[in-house]
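Read through the structure below, which is laid out as structure tokens, and then see the notes.
The values are calculated or read from the model by the stated rules, or taken from the named source; none is laboratory data. Just so it is clear, the structure is predicted and the values come from calculations on it, not from any experiment. Cβ placement follows ideal geometry from the backbone for every residue including glycine, while neighbour counts extend to all protein chains displayed. Surface accessibility is based on the protein's heavy atoms, side chains included, excluding ligands, DNA and RNA. Shrake-Rupley method; radii C 1.70, N 1.55, O 1.52, S 1.80 Å.
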Amino acid sequence: MGRVLAPTRLVAALKRHPRRLAGAAFAAALLLSLPSLAGGFVLDDWVHLYGARGFPGIAGGLSLFDFTPTEPGQLQAWIARGPYPWWTNPDFRIRFFRPLSSALIQGDNALFGGAAVLYHAHSIAWGLALVAAGWLVYRRLLPGLTGAVALCFFALSEAHWLPTVWLASRNTLVAAVPALLGFAAHLRWRRDGWRWGAPLTALGYPVGHARGETA
């Protein structure tokens, strides 16, 4: 009988204190992201690192996600020096508007140099910020235990592993956080009449978009 009642008691306790389950979701997200500290630099991470350090033939500044040059005719020089093969179409373009994400990479390079583990710690911080922003939304859309359970699914979603592990994909997390915060502000504004909700809603989405189109 005690075994039968134990889950019922647990559910009753979580209904009284849904924040405990939300805290468990936050802790689980942290624990699952810790192995990424050993991820190092891979693929596009090196391009961003070289661009941040001013290597010739690679976009730098706030345009680290421009994988082709902006000036006409420059692509031929990139083909001659790499990374593109000789058969590349001269009109080929890959450019993403992510100035704020580029600024974060520049900051990482200035602060951490080649210490990849600190870059990954920075990504983990954004992952946890995403979970926190998600909680602000769920607690209003799905109050009580339902919102806490939803947060568990959100925090443990497999969609989060790539932007957490791969530094070049961190912009997905960085873009989502202000967008979710803007949505949370919108909900509070519409439901509670919070006067700061409208301007924060209007601010959240463009800030997120400047970090990545996934906002």
Query raised in the report: For labels at residue 91 and residue 194 in the simple 7 Å Cα→Cβ model, what's the distance in nm?
Result: 4.8
Report summary line: Expected max-MSF residue from 137, 149, 177 in the GNM of the chain (alpha carbon, under 10 Å) is 149
Report summary line: Computed over the chain, protein heavy atoms only, probe 1.4 angstrom, the accessible area per residue in square angstrom equals 57
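Between residue 80 and residue 117, what FRET efficiency follows from the Cβ-Cβ distance if R0 is 30 Å, with the result rounded to 0.05?
The pair residue 80/residue 117 has a calculated efficiency of 0.25.
Report, in debye and to the nearest 20, how large the dipole of the chain comes out about its Cα centre when Lys and Arg carry +1 and Asp and Glu carry -1 on their Cβ. Each step should come with its number before you reach the end.
Working: 19 positive and 9 negative charges, 272 e Å.
So the dipole magnitude of the chain works out to roughly 1300 debye.
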Requested in this report: Read phi for every residue in the stretch 196-204 and hand back ³J(HN,Hα) as whole Hz from Karplus 6.51 cos²θ - 1.76 cosθ + 1.60, θ = phi - 60°, with x for Gly and Pro.
Outcome: 7, x, 4, x, 5, 4, 5, 7, x
Report summary line: Expected sort for 94-103, 194-203 on mean C-beta neighbours within 10 Å, highest first, is 94-103, 194-203
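Suppose only helical runs count, i.e. DSSP H with n ≥ 4. What mean residue ellipticity at 222 nm does that imply for the chain under -39500 (n - 2.57) per run, divided by all residues and rounded to the nearest 500 deg cm²/dmol?
Numbers: 10 runs with 141 residues, N = 215.
So the calculated ellipticity at 222 nm is -21000 deg cm²/dmol.
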Report task. Give me the distance in nm between label points sitting 7 Å out from Cα along the Cα-to-Cβ direction at residue 46 and residue 203, one decimal. Result -> 4.1
Report summary line: Amide H contacts under 5 Å for residue 66, restricted to residues at least 5 apart in sequence or on another chain and with H modeled in the peptide plane, are 96
Query raised in the report: In the chain, what percent of the accessible surface is made up of carbon and sulfur (1.4 Å probe, ligands and nucleic acids excluded)?
Result: 67
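Give the shape of the stretch 144-215 as rounded, prolate or oblate, defined through the alpha-carbon gyration tensor: a ≥ b ≥ c are the square roots of its eigenvalues, a/c under 1.5 means rounded, and otherwise the shape is prolate if a/b is larger than b/c and oblate if not. Before the final figure, lay out the partial values.
Values: a/c = 4.47, a/b = 1.28, b/c = 3.50.
The shape class here is oblate.
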Query - Structure-derived volume of the Cα convex hull per residue in Å³: which label, when the choices are (1) 162; (2) 182; (3) 151 - result: (3)
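What's the FRET efficiency of residue 141 with residue 34 using the Cβ-Cβ distance as r and R₀ = 45 Å, to the nearest 0.05? Can you show the working numbers first?
Details: r = 29 Å, r/R0 = 0.65.
After rounding, the FRET efficiency stands at 0.95.
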Report task. Quickly work out the residue 161-to-residue 55 label distance, labels modelled 7 Å from Cα along the C-beta direction, and quote it in nm with one decimal. Result -> 2.9
